[in-house]
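Visitor: Pasting in a structure now, in structure tokens, and then I'll have a few things to ask.
The values are calculated or read from the model by the stated rules, or taken from the named source; none is laboratory data. These numbers come from a predicted model, not from an experiment. Positions of Cβ are generated from backbone atoms using ideal geometry, with glycine treated the same way; all protein chains shown enter the neighbour counts. For the accessible areas, the whole protein counts, side chains as well, though only heavy atoms, and no ligand, DNA or RNA atoms are used. Shrake-Rupley method; radii C 1.70, N 1.55, O 1.52, S 1.80 Å.
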Amino acid sequence: MRAWLIALLMVSGCASTQRTLSYDAGWPDADVYVGEQRYQIWFHERDQTVLVQRGDPRPLGQLLAQNLTIYSQDRSAGILTWGAAANAVLNPMQCAATEVTGADQMREIEYTCAPGVNPHAEITQRREMWRQGVRAPAPQ
């Protein structure tokens, strides 16, 4: 699976291939709806960043392939929508998105948390609930 993911990213010409590969290639940590658009979120193991991709729950490599095909020409989601997807899981942990980078149907989002918050403990505690679906209103 990992070799397939590497090949897919090399073919796509993704400038952040190495960074994307630093995320767990398994199932997402959260399934988030922003309005009617669906996003999947992976938390980075070491950094305070999340990887957000558009689409239904799938392992990272499969969703990357879907975004290179099904959503390849869709540019409908603005930066506020990506931030809303991340904040749907970050805000209840007393954290917030601070910077959004990326293109097409994938973004990496940095976040900060209130003093004393242990994001990794919060993620572990909330992951199963998030996988059942989180809803956030679409930005106006």
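Visitor: Any residue at all in the range 47-55 that's open to solvent by 40 Å² or more (accessible area, probe 1.4 Å) and at pLDDT 90 or above?
Guide: Yes, the range 47-55 contains a residue that is open to solvent by 40 Å² or more (accessible area, probe 1.4 Å) and at pLDDT 90 or above.
Visitor: Of all residues being of a type outside the set (A, V, I, L, M, F, W, C) and at pLDDT 95 or above in the range 120-130, which is surrounded by the fewest Cβ atoms within 10 Å (Cβ to Cβ)? Just the residue, please.
Guide: Once the filter is applied, the top-ranked residue is GLU128.
Visitor: Report every pair of residues separated by at least 6 positions or lying on different chains whose Cβ atoms are under 8 Å apart, first residue within the range 107-124 and within 24 Å of GLY78 (Cα to Cα), second open to solvent by 50 Å² or more (accessible area, probe 1.4 Å) and of a type in the set (Lys, Arg).
Guide: Listed pairs, sorted by first residue: GLU108/ARG19.
Visitor: Being in contact (Cβ under 8 Å) with a residue 12 or more places away in the chain, farther than 17 Å from ARG131 by Cβ, open to solvent by 10 Å² or more (accessible area, probe 1.4 Å) and not acidic (Asp, Glu) is the filter here; which residues of the range 18-45 pass it?
Guide: Hits for the range 18-45 are ARG19, LEU21, SER22, GLY35, GLN37.
Visitor: A further question on this structure: In the range 89-119, what residues are in contact with a Gly (Cβ under 8 Å, 6 or more places away or on another chain) and either hydrophobic (A, V, I, L, M, F, W, C) or open to solvent by 60 Å² or more (accessible area, probe 1.4 Å) (or both)?
Guide: Within the range 89-119, ALA97, VAL100, ILE109 meet the criteria.
Visitor: Does GLU128 fit the bill of being part of a strand (DSSP E or B) and not β-branched (Val, Ile, Thr)?
Guide: no
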